[in-house]
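Mind looking over this structure? Questions follow.
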Amino acid sequence: MRKVFVKMGDIFEGPADLIVLPCSAKGTIRKSIRKAAETYNFPTPEKLGLNLQHGDISAPYPFPDQSIAMFFVYAASVLYDYSSRQILESIGQKLGLLTTMRSDIHRIETVLLGTGAGGVTTEVAGRALSKGFYATSKNSILVICVQDSERLEKLKKVITGNIFSRFWNSLMLRPSFFGFGVDLEKLFGGKR
């Protein structure tokens, strides 16, 4: 079973199998990630010699403090202060693929990529990461960590919704004897 959750907190709170660190396609990182690299003693993209394309993720690297995470990756979610739904969906797909290729990666925690320097809205970023992850993951969990309650509420509505909105979105109007149908996969947690 695969799921996407949102929580208030920090990706460095642990425990996770993999944490996702944002970077630009040029290998730059924001100050908070640079400070975390110093605190937790993990290498920056520059030290790793990464040359990521926009929308790529790095190979998984061992995280120094195993109580926080077993591995970390960098995700190149921004290029020249730009990101998009397509870029974030691609990153979500690549994270999902990691869960199918690696038996030791089931729980992934990430910040809400693309919403800082990338300029993507909270809702668009949440939908894109979720959609990409659902498309390729197996038996895994993606946890999106946010720092404020406003963003948390917006993401909860976008990602999980309530049973009424899931039911409404699962309705399929098509010509048939009864005139409508319900997409049970959408209703009970499949595709969105």
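Do you know which residues across segment 96-125 are part of a loop (DSSP other than H, G, I, E, B) and of a type in the set (G, A, S)?
Taking segment 96-125 as the starting set, the residues that turn out to be part of a loop (DSSP other than H, G, I, E, B) are 102-106, 112-121.
Listed by number, the residues that qualify are S103, G114, G116, A117, G118, G119.
Examine segment 12-34 for a residue that is more than 13 Å from the chain's Cα centre (by Cα), part of a helix (DSSP H, G or I) and crowded, with 17+ Cβ neighbours inside 10 Å, and state whether such a residue exists. It would help to see each step written out before you state the result.
In the first step, residues of segment 12-34 are kept if they are more than 13 Å from the chain's Cα centre (by Cα); the result is 12-17, 23-34.
Add one more test, that the residue is part of a helix (DSSP H, G or I), and what stays is 31-34.
From what is left, the residues that are crowded, with 17+ Cβ neighbours inside 10 Å are 33.
Checked against the condition, which is being more than 13 Å from the chain's Cα centre (by Cα), part of a helix (DSSP H, G or I) and crowded, with 17+ Cβ neighbours inside 10 Å, segment 12-34 yields at least one hit.
Condition test on K26, is it within 15 Å of V143 (Cβ to Cβ), of a type outside the set (V, I, T) and touching a residue at least 40 places away in the same chain (Cβ under 8 Å)?
Here the answer is no, as K26 does not meet what is asked.
Regarding I163, is this residue modelled with pLDDT under 95 and among the aliphatic types (A, V, I, L, M)?
yes
The values are calculated or read from the model by the stated rules, or taken from the named source; none is laboratory data. Remember, it's a predicted structure, so these values are computed and weren't measured experimentally. Here Cβ is always computed from backbone atoms with ideal geometry, including for glycine, and neighbour counts include all displayed protein chains.
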